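What follows is a short report on a single structure.
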Amino acid sequence: MSELKKSERSESKLQTVHNAYKIRTSVTKLAENNFYFDLNKINKVVEDNTKYITDEKIKEETKKKIYQYFDNQVARMTDKVINAACGINEHLRNANTIFPTYKSEFEERRLELDRAMSCCNVLQDELQYAGECLYANLNKFMVLVLEIQKEFNMIKKLRQADNRFLKSIKD
């Protein structure tokens, strides 16, 4: 049993992987709920874009195309955010399987951590885009965005801690 209180201990390196899994789960739930987009705002966009069309047939076709556009955006964003969330997890796992003894292994581990950080950035950008373009409720995203930022910082710390390997690296 450790003499240190839990609040005084540093985070486990595996905490980064556990957090990545939590993010992946949250992103999946967000996608299942269509990013909590506001259908009333989308209906308003459709009405604003079709209010000057007098021909009913053309008006209905235009409405159908606009709704199809939003459906396509949701599908595209769903794929993109789930792939990015999976990428964080995947690259962290790959990095954790490498215990570097040679410089090339150290560089490969660092590249995997860089890729995981890149996936965090992509995920944040896509969530921002979803909030703006799908008229989503950004309050539903805030906790997730903060978790992604925390994950990014944890990966960054993990990269810094990897410098301990440099002493024993063989060329």
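The single residue among 108, 60, 126 that is over 13 Å from the mean Cα position of the chain (by Cα) and within 25 Å of residue 42 (Cβ to Cβ) turns out to be 60. The listed residues are 88, 155, 82, 148, and the only one of them that is among the aliphatic types (A, V, I, L, M) and touching an Asp or Glu at 6+ places or on another chain (Cβ under 8 Å) turns out to be 88.
Can you go through 139, 89 and tell me which one is under 16 Å from residue 19 (Cα atoms) and out of contact with any Pro (no Cβ under 6 Å at 6 or more places or on another chain)? Just one listed residue meets the conditions, 89. Residues that are in a helix (DSSP H, G or I), touching a residue at least 12 places away in the same chain (Cβ under 8 Å) and not charged (D, E, K, R) within region 90-117 comprise 91, 92, 94, 95, 96, 106, 113, 116, 117, listed in sequence order. Candidates 148, 58, 98: the one that is closer than 30 Å to residue 19 by Cα, out of contact with any Cys (no Cβ under 7 Å at 6 or more places or on another chain) and β-branched (Val, Ile, Thr) is 98. A Cβ distance below 8 Å, combined with a sequence gap of six or more or placement on separate chains, defines the contacts here; from region 1-28, residues that are farther than 21 Å from residue 77 by Cβ reach residues that are at pLDDT below 90 and charged (D, E, K, R) in the pairs 2/9.
The condition of being closer than 30 Å to residue 50 by Cβ and assigned to a helix (DSSP H, G or I) holds for only one of 149, 73, that being 73. Candidates in region 96-143 are the residues that are polar (S, T, N, Q) and under 30 Å from residue 170 (Cα atoms); of these, the one that is modelled with the highest pLDDT is 118.
Whether any residue in region 78-93 is farther than 23 Å from residue 150 by Cβ, over 18 Å from the mean Cα position of the chain (by Cα) and not small (Gly, Ala, Ser) is what I want to check. Checked region 78-93: no residue is farther than 23 Å from residue 150 by Cβ, over 18 Å from the mean Cα position of the chain (by Cα) and not small (Gly, Ala, Ser). Of all positions in region 50-69, none carries a residue that is more than 23 Å from residue 157 (Cα to Cα), in contact with a strand residue (DSSP E or B) (Cβ under 6 Å, 6 or more places away or on another chain) and surrounded by 13 or more Cβ atoms within 10 Å (Cβ to Cβ).
Would you check which residues across region 121-136 are without any contact (Cβ under 8 Å) to a residue 40 or more places away in the chain and either in contact with an Asp or Glu (Cβ under 6 Å, 6 or more places away or on another chain) or exposed (fewer than 15 other Cβ atoms within 10 Å of the Cβ) (or both) and list them? Result: 121, 125, 128, 132.
Looking across region 46-89, just one residue is aliphatic (A, V, I, L, M), touching a residue at least 40 places away in the same chain (Cβ under 8 Å) and farther than 15 Å from residue 30 by Cα, and that is 88. Looking at residue 113, is it under 12 Å from the mean Cα position of the chain (by Cα) and either within 20 Å of residue 17 (Cα to Cα) or surrounded by fewer than 19 Cβ atoms within 10 Å (Cβ to Cβ) (or both)? Judged against the criteria, residue 113 is not a match. With respect to the stated conditions, residue 139 is surrounded by fewer than 17 Cβ atoms within 10 Å (Cβ to Cβ) and either closer than 15 Å to residue 30 by Cβ or small (Gly, Ala, Ser) (or both).
The values are calculated or read from the model by the stated rules, or taken from the named source; none is laboratory data. A quick note: this is a predicted structure, and the numbers were derived from the prediction, not measured. Glycine also receives a Cβ, built like all others from the backbone with ideal geometry; neighbour counts cover every protein chain displayed.
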